[in-house]
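Notes for the one structure printed next.
Read-outs: derived from the displayed coordinates by stated rules, not from any lab. If you're wondering where the values come from, they're calculated on a predicted model, not measured in any experiment. Here the Cβ positions follow ideal geometry from the backbone for every residue, glycine too, while neighbour counts run over all protein chains shown.
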Amino acid sequence: MNRLTRYALVLTTLLTLGAVAINQAYRDDEFRDDIKNSRIYPLVEPLAPIFMHGMSKAEEVFLNSDAEEYKILVDKSDRNMYLFDENTDLDTIPQNVSPDSYESMLPVALGRPDASGNSYTPTGEFSVIGKRSRSEEISRDGDWLPGWGDYMLILDVDFPHVNIHGTNNLSRIGRYVSDACIETTADSMLYEDVAIGSKGLVRE
């Protein structure tokens, strides 16, 4: 093993240990304080946002422990989100979705209309790449807006940046009122039941 390979292995090990430490710190107040007071914290702290957005395998395993992979269909025409078995081909689902075909149906709020009258929520495929909760973000002094409810599923949609999150305003549900995100009152259920790695589709 040459010197460069040894250095790469050492760096990989350190990054892995840092990932585990940061993810554990988010869930344990005492451990978080210990890490913050240690010498390694300045090194691993900048990596925290990456791990919180689905790139840490340790975090993914923890959050997926009681969850299942689903296929998620967001229908902009009726402003509903449907959860299907993970083996479902969403392209074959008709416009009038049969009640016998899905496992859950959740009314949602979608992106407000742009100047052309089209919703800011983009159409197309997506994947769930991470999860966030209000309690965890507040405990680590993270950013969490009051209108986001209690839980959020992070999607791999970069522009506009779109996630699925809760809302504290029931009057928004069933309307085109968000900036682009998909809002629901069932954010707790989605956070607990939908696994990171689940695939979805937003259609007109």
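Give the span of region 70-203's Cα atoms along each principal axis, as three whole-Å numbers ordered largest to smallest.
Sorted from largest, the Cα extents of region 70-203 read 44, 36, 27 Å.
Nearest 5 is fine: what % of DSSP beta bridges in region 70-203 come out antiparallel, could you say? Kindly include the intermediate steps, with their values, before the conclusion.
Numbers: 25 of 35 bridges.
Once the DSSP bridges in region 70-203 are tallied, antiparallel ones form about 70 percent.
Sort Arg132, Arg175 so that the residue with the fewest other Cβ atoms within 10 Å of its own Cβ comes first and the one with the most comes last. Provide the component values of the computation, followed by the final result.
Numbers: Arg132 23, Arg175 14.
Ordered from fewest to most neighbouring Cβ atoms within 10 Å, Arg132, Arg175 come out as Arg175, Arg132.
What net charge do the residues around Asp158 carry, taking every other residue with its C-beta under 15 Å from that of Asp158, with Lys and Arg at +1 and Asp and Glu at -1? Mind dumping the intermediate values first?
On the way: positive: none; negative: Glu125, Asp156, Asp179.
Cβ neighbours under 15 Å give a net charge of -3.
Among 94-101, 191-198, how do they line up from the highest to the lowest mean number of other beta-carbon atoms within 10 Å? Walk me through the intermediate numbers first.
Values: 94-101: 9.1, 191-198: 18.4.
By packing density, highest mean first, the sequence is 191-198, 94-101.
What ranking do Leu170, Leu83 get, fewest neighbouring Cβ atoms within 10 angstrom at the top? Intermediate values should be presented prior to the final figure.
Numbers: Leu170 9, Leu83 23.
Placing the least packed residue first, the sequence is Leu170, Leu83.
Just to be sure I understand the model, the point goes 7 Å from the Cα along the line to the Cβ. What's the resulting Met189 to Arg175 distance in nm?
Placing both labels 7 Å along Cα→Cβ, they lie 2.2 nm apart.
Quick one: if the Förster radius is 41 Å, what FRET efficiency do Asp66 and Asn118 give, using the C-beta to C-beta distance and rounding to 0.05? Each step should come with its number before you reach the end.
Working: r = 38 Å, r/R0 = 0.92.
According to the calculation, E is roughly 0.65.
Taking 7 Å along the Cα-to-C-beta vector as the label spot, tell me the Arg6-Asp100 distance in nanometres, rounded to one decimal.
Placing both labels 7 Å along Cα→Cβ, they lie 6.7 nm apart.
Could you compute the net charge surrounding Tyr70? Neighbours are other residues with a C-beta less than 9 Å from the C-beta of Tyr70; K and R count +1, D and E count -1.
Value of the local net charge: -4.
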